[in-house]
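*Asks:* I have a structure here, written as structure tokens, and I will follow up with some questions on it.
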Amino acid sequence: MHFNICCALPVRLVAVLAALLMVAAAPQPQHLTHAQNRIDGKVTDSETGSPIPGVHIFLEDTRSGAITAVDGSFELITASTGDVLVARFVGYETWRKEISISAAVSVDIALVPADLQLGDVVVSATRERQFESEIAASIGSISGERIREQNPSHPADILGQVSGVWVNNTAGEGHMTAIRQPLSTDPLYLYLENGVATRSTGFFNHNALYEINIPQSDGIEVMKGPGTALYGSDAIGGVINVTSGSAPASPMVDVTAEGGSYGYKRALVSTGTTVGLNGVRLDVNVTDSEGWRDNTEYARQSATLRWDRRSRSNWMLRTVASWSNIDQEPAGSATLPEAEFKRDARQNFQPISFREVSALRVSSAFEKFYARTLVSITPYARFNTMDLLPNWSLTFDPAVWETQNYSVGANLKVRRNVAMIRGRIVSGVDLDLSPGERIERRVDPTRTGPAFTSFTVDEKLYDYDVTYRQASPYVHLESSPTQKLRVTAGLRLDVMGYDYENNLSVETEGRHRRPGDTTVSYTHLSPKFGLTYQVHPMLNVFGSYRHAFRAPSESQVFRQGSSINTVDLDPVKVDNFDAGVRGRVASYLSYDFTGYYLVKRDDILGLILPDGTDVSSNAGETRHRGIEAGVTTRDYEGLSLRFSGSYAEHTYEDWKTQNGTDFSGNEMEVAPRVLVNAAATYRVPVLSGAMITLEWSRLGSYWMDPENSTKYDGHDLLNLNVNVGITDDVTLLTRVSNLTDELFAERATHNQFRGDEFSPGLPRQVHVSLRYSFR
């Protein structure tokens, strides 16, 4: 393996970053002078009595302020002797009280939840807490409580609960994603952890969710449709943001031991506490599985360390270090011909395929609050490696890939509340520098019958260094001209590019052409505009236009294949229109319906020619339109219901390939019109903490090829979760996937060389966990 890009550098950068943050966050003594007074106290939830961290406390006239610590406490130093004290936190009614200040005053504040607001509180739309009802976009959220109750072993187990989202299971925790797009490995989505991209634009990985520790996360948000105007390139089909668990206010230990079918074993350990103004949490995930198919072993180790530091003055700091190591066989969905799929889906004809991934990320979000202004600085560092032998190319282009890259960057933001426009202005800039390398070596595989049994490694096909660079300023505006109407607008300028150095000879002919050293740059403006209107306290409507683009990834540009020219590939452009309604029926039922129309231009088409060579080009235009629906009922006598579904059509509008084939007017392949996920949950009153959930998921039929010659019929699956509280501290969790043991495909395709191929889905599996919680 070739790991010579200064491997020590990212480690040194992380160390320097951590040292600087420790110095910056060290507690500073506050000395009362003869002219200063002190206000202290604690902020709690008026209904539960729980402390609320991160509440902004300030004096209305003097602008002096503080942020509550993890235990809800605050301390404010001021020269004022009288003023209005204000406590503000999204999700609660703003608290105000006129106070007379002497040398020391104690004020305990109980914030009232803002029950009349619609929807959940989300962060993905503006990079900070905001009511969903204020956002002109469709956002689905999954709470940390629901993740904890379901105890998912794969992202597909949980993300299908968001309407219009399909995440499949390729192997281990590998996946492909479909949000307002067909299922594919294309770079269409942006994956975030605590608001920071897990990878840079240049080094996209469609399996990015297995680099995040989802089972121990505190929540997931999915912003459907383009997010480029705020987040930049990648965010075409949607943005998925996973939030890590925050430090607990008191000592906590949580241990889950799990065993399941086909040698599945997992241990989850979480612990943490808060001392003074510092909170720490550690999450560890160790997973191992023999795999249900032949030679599909999988192992993962993950750890997330989070440090929350809140000042009694006016700032807070959240530092997160995440590490994951994944070793799985095969590298993707091991497909089978139809006859073999029906005869024995456990077969694996590509057992030599593998994927080894390591991902390390460190970020530190510093936020300084003022009465009307927030300043946010988030530096980060990343280091990723991936070695694989792709199973999908063994028959026509077998090769071993070795890739790695590291990143340093920062997300800088200033938010200012402006009374004149009855709103706020958010401006910022995202910076990213990501050097990397790619090496590919030809493989000579040995085949016995239909199965590949061994391989030898031959000469290099590609060996290059490439650095991705980005500087992207943006501005986001929100205004409320009337009490019911809210207007949002935004604009982002992305200036990015690659510096490429070829370490082999230049090749202008053949199946593995290689461009010479070059520099490639992209500049793009991405606007957005939206409206939300509060028809009634229980009814909200919205509409929006959002533009997006996606710069080609480094492999699309410099891994040329047989293409005549990939260096000059254009970015993919998208225009998206949304219209939706969100509402509640009393306190029993909530609903949301969204219609969208999305047009994608200059899409990058990868085509396998009859001789096995591959070519890439900007092919034309596709159209995507659909309706997404979600309905949830609250617990009524122990029973609650949840429904999410979508109906969509994805078509080639103008799509002509280099070999002269015209797919214009056809439906796109692996693009089901219907997605449904529904569940009924019953909480049994006679058993301590018992909960039974029956879930139904429906995947509609879809074309298996762009010619629209063959169709997959779709499938229906049932899943069952049963959680029983044995004691106050011990819970037994049981999960049965594919309850009726249906034979189905995670993905089905057809091509003229190999015919119909199916990636088998999981048979019935049973997982049993024992969880001990000390709080």
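Every residue, every condition in (1) of a type in the set (Ser, Thr, Tyr); (2) closer than 30 Å to Glu757 by Cα; (3) within 30 Å of the chain's Cα centre (by Cα), yes or no:
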site: Ser376; (1), (2), (3): yes, no, yes
site: Asp387; (1), (2), (3): no, yes, yes
site: Arg416; (1), (2), (3): no, no, yes
site: Leu433; (1), (2), (3): no, no, yes
site: Asp458; (1), (2), (3): no, yes, no
site: Tyr462; (1), (2), (3): yes, yes, no
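*Asks:* Looking for something within 26 Å of the chain's Cα centre (by Cα), outside any strand (DSSP E or B) and surrounded by fewer than 22 Cβ atoms within 10 Å (Cβ to Cβ) - is there at least one such residue anywhere in segment 562-579? Spell out the reasoning first.
*Replies:* Within segment 562-579, the subset within 26 Å of the chain's Cα centre (by Cα) is 570-579.
Subsequent filtering for residues that are outside any strand (DSSP E or B) retains 570-571.
Those still in the list that are surrounded by fewer than 22 Cβ atoms within 10 Å (Cβ to Cβ) too: 570-571.
Within segment 562-579, one or more residues are within 26 Å of the chain's Cα centre (by Cα), outside any strand (DSSP E or B) and surrounded by fewer than 22 Cβ atoms within 10 Å (Cβ to Cβ).
*Asks:* On to the next question. Going residue by residue through segment 682-698, is there one that turns out to be aliphatic (A, V, I, L, M), under 26 Å from the mean Cα position of the chain (by Cα) and not in a strand (DSSP E or B)?
*Replies:* No - not one qualifying residue is present in segment 682-698.
*Asks:* Could you please find all residues in segment 660-680 being more than 30 Å from Ser640 (Cα to Cα) and either of a type outside the set (A, V, I, L, M) or open to solvent by 40 Å² or more (accessible area, probe 1.4 Å) (or both)? Quick ask: steps written out before the conclusion?
*Replies:* Step one: filter segment 660-680 for residues more than 30 Å from Ser640 (Cα to Cα), giving 660-671.
Gly660, Thr661, Asp662, Phe663, Ser664, Gly665, Asn666, Glu667, Glu669 - these are the residues of segment 660-680 that are more than 30 Å from Ser640 (Cα to Cα) and either of a type outside the set (A, V, I, L, M) or open to solvent by 40 Å² or more (accessible area, probe 1.4 Å) (or both).
*Asks:* Also: Return the pair list, or none, for Cβ contacts closer than 7 Å from residues in segment 44-59 that are hydroxyl-bearing (Ser, Thr, Tyr) to residues that are open to solvent by less than 10 Å² (accessible area, probe 1.4 Å) and part of a strand (DSSP E or B), at least 6 apart or on different chains.
*Replies:* That search, which allows pairs on different chains as well, returns Ser46/Leu111.
*Asks:* Same structure, new question: I'm trying to understand the selection: among the residues of segment 712-730, which are in contact with a Gly (Cβ under 9 Å, 6 or more places away or on another chain) and open to solvent by less than 40 Å² (accessible area, probe 1.4 Å)?
*Replies:* Gly714, His715, Leu717, Asn723, Gly725
*Asks:* Go through segment 547-583 and give me each residue that's of a type in the set (Asp, Glu), free of Cβ contacts under 8 Å to residues at least 40 places away in the same chain and over 26 Å from Glu437 (Cβ atoms).
*Replies:* The initial filter retains those residues of segment 547-583 that are of a type in the set (Asp, Glu), namely 554, 568, 570, 575, 578.
From what's left, free of Cβ contacts under 8 Å to residues at least 40 places away in the same chain: 568, 575.
Within segment 547-583, Asp575 is the sole residue that qualifies.
*Asks:* So which residues in segment 482-498 are open to solvent by 30 Å² or more (accessible area, probe 1.4 Å) and over 30 Å from Asn540 (Cα atoms)?
*Replies:* Listed by number, the residues that qualify are Leu493, Val495.
*Asks:* Quick one: Thr727 ticks every box in (1) within 21 Å of Thr256 (Cα to Cα); (2) assigned to a strand (DSSP E or B); (3) not aliphatic (A, V, I, L, M) except a single one, so which number is it?
*Replies:* Unmet for Thr727, out of (1) within 21 Å of Thr256 (Cα to Cα); (2) assigned to a strand (DSSP E or B); (3) not aliphatic (A, V, I, L, M): (2).
*Asks:* Report, ordered by the first and then the second residue, all pairs with beta carbons closer than 7 Å, sequence separation of six or more or different chains, a first member in segment 232-259 that is buried (at least 19 other Cβ atoms within 10 Å of the Cβ), and a second member that is outside any strand (DSSP E or B) and among the basic types (Lys, Arg).
*Replies:* Listed by first residue and then by second, the contacts come to Gly237/Arg180; Gly238/Arg180.
*Asks:* Could you list, in sequence order, all residues of segment 339-385 that are β-branched (Val, Ile, Thr) and buried (at least 18 other Cβ atoms within 10 Å of the Cβ)?
*Replies:* Going residue by residue through segment 339-385, those that are β-branched (Val, Ile, Thr) are 352, 357, 362, 373, 375, 377-378, 385.
Across segment 339-385, the qualifying residues are Ile352, Val357, Val362, Thr378, Thr385.
*Asks:* If I filter segment 499-521 for residues that are buried (at least 18 other Cβ atoms within 10 Å of the Cβ) and among the small types (Gly, Ala, Ser), do I get at least one hit?
*Replies:* Filtering segment 499-521 down to residues buried (at least 18 other Cβ atoms within 10 Å of the Cβ) leaves 500, 502, 512-515, 520.
Cutting the leftovers down to among the small types (Gly, Ala, Ser) gives us none.
For segment 499-521, residues buried (at least 18 other Cβ atoms within 10 Å of the Cβ) and among the small types (Gly, Ala, Ser): absent.
*Asks:* Okay, next question. Within segment 49-67, which residues are at pLDDT 75 or above and within 21 Å of Thr78 (Cβ to Cβ)?
*Replies:* Residues of segment 49-67 that are at pLDDT 75 or above, as a first pass: 49-59, 66-67.
Selection gives Gly54, Val55, His56, Ile57, Phe58, Leu59, Ala66, Ile67.
*Asks:* Scan Ser364, Ser333 and give me the residue that is of a type outside the set (A, V, I, L, M, F, W, C) and part of a strand (DSSP E or B). Break it down into steps so the answer makes sense when it comes.
*Replies:* Values: Ser333 fails: part of a strand (DSSP E or B).
One residue alone meets the criteria, Ser364.
*Asks:* Right, something else. Of all residues being modelled with pLDDT of 95 or more and small (Gly, Ala, Ser) in segment 620-635, which is surrounded by the most Cβ atoms within 10 Å (Cβ to Cβ)? Just the residue, please.
*Replies:* The selected residue is Gly630.
*Asks:* Next up: Looking only at segment 699-709, which residues are open to solvent by less than 30 Å² (accessible area, probe 1.4 Å) and assigned to a loop (DSSP other than H, G, I, E, B)? Talk me through it step by step, then tell me what you get.
*Replies:* Of segment 699-709, the ones open to solvent by less than 30 Å² (accessible area, probe 1.4 Å) are 699-700, 702, 704-706.
Listed by number, the residues that qualify are Gly700, Met704, Asp705, Pro706.
*Asks:* Now a separate question. Which condition number does Ala321 fail, the rest of (1) within 30 Å of His624 (Cβ to Cβ); (2) among the small types (Gly, Ala, Ser); (3) surrounded by fewer than 22 Cβ atoms within 10 Å (Cβ to Cβ) being met?
*Replies:* With (1) within 30 Å of His624 (Cβ to Cβ); (2) among the small types (Gly, Ala, Ser); (3) surrounded by fewer than 22 Cβ atoms within 10 Å (Cβ to Cβ) applied to Ala321, the lone miss is (1).
*Asks:* Something else now. Could you please find all residues in segment 208-254 being of a type in the set (D, E, K, R) and more than 16 Å from Ile139 (Cβ to Cβ)? Give the steps one after another, and end with the answer.
*Replies:* Our first condition is that a residue be of a type in the set (D, E, K, R); within segment 208-254, this holds for 211, 218, 221, 224, 234, 254.
Residues satisfying the conditions are Glu211, Asp218, Asp234, Asp254.
*Asks:* Residues of segment 582-605 being open to solvent by 40 Å² or more (accessible area, probe 1.4 Å), of a type outside the set (Lys, Arg), closer than 22 Å to Val162 by Cα and assigned to a strand (DSSP E or B), which ones?
*Replies:* The initial filter retains those residues of segment 582-605 that are open to solvent by 40 Å² or more (accessible area, probe 1.4 Å), namely 584-593, 597, 601-602.
Next cut, of a type outside the set (Lys, Arg) only: 585-593, 597, 602.
Pick out the ones that are also closer than 22 Å to Val162 by Cα and you get 585, 587-593, 597.
Val585, Leu589, Ser590, Tyr591, Asp592, Phe593, Tyr597 - these are the residues of segment 582-605 that are open to solvent by 40 Å² or more (accessible area, probe 1.4 Å), of a type outside the set (Lys, Arg), closer than 22 Å to Val162 by Cα and assigned to a strand (DSSP E or B).
*Asks:* Still on this structure, I have one more. In segment 68-82, which residues are open to solvent by 10 Å² or more (accessible area, probe 1.4 Å), modelled with pLDDT of 75 or more and not in a loop (DSSP other than H, G, I, E, B)?
*Replies:* Ser73, Glu75
*Asks:* Based on what the data block shows, is Leu305 open to solvent by 50 Å² or more (accessible area, probe 1.4 Å) and either at pLDDT 95 or above or within 22 Å of the chain's Cα centre (by Cα) (or both)?
*Replies:* Values: open to solvent by 50 Å² or more (accessible area, probe 1.4 Å): yes; either at pLDDT 95 or above or within 22 Å of the chain's Cα centre (by Cα) (or both): yes.
Judged against the criteria, Leu305 is a match.
*Asks:* Could you check segment 540-553 and list, in sequence order, the residues that are outside any loop (DSSP other than H, G, I, E, B), open to solvent by less than 10 Å² (accessible area, probe 1.4 Å) and not polar (S, T, N, Q)? If you could, list the steps in order and put the result at the bottom.
*Replies:* Residues of segment 540-553 that are outside any loop (DSSP other than H, G, I, E, B), as a first pass: 540-550.
If we keep only those that are open to solvent by less than 10 Å² (accessible area, probe 1.4 Å) as well, we get 540, 548-550.
Ala548, Phe549, Arg550, listed by residue number.
*Asks:* For segment 639-657, check the following and say yes or no: at least one residue is in a loop (DSSP other than H, G, I, E, B) and either open to solvent by 50 Å² or more (accessible area, probe 1.4 Å) or modelled with pLDDT of 95 or more (or both). Quick ask: steps written out before the conclusion?
*Replies:* So in segment 639-657, the residues in a loop (DSSP other than H, G, I, E, B) come out as 657.
If we keep only those that are either open to solvent by 50 Å² or more (accessible area, probe 1.4 Å) or modelled with pLDDT of 95 or more (or both) too, we end up with none.
Checking segment 639-657: not a single residue is in a loop (DSSP other than H, G, I, E, B) and either open to solvent by 50 Å² or more (accessible area, probe 1.4 Å) or modelled with pLDDT of 95 or more (or both).
*Asks:* Give the residues of segment 270-295 that are within 24 Å of Ala171 (Cα to Cα) and surrounded by fewer than 17 Cβ atoms within 10 Å (Cβ to Cβ), sorted by residue number.
*Replies:* Result: Val286, Asp288, Glu290, Asp294.
The values are calculated or read from the model by the stated rules, or taken from the named source; none is laboratory data. This is a predicted model, so every value here is computed, not measured. Here Cβ is always computed from backbone atoms with ideal geometry, including for glycine, and neighbour counts include all displayed protein chains. SASA here: full protein model, heavy atoms, side chains in, ligands and nucleic acids out. Shrake-Rupley method; radii C 1.70, N 1.55, O 1.52, S 1.80 Å.
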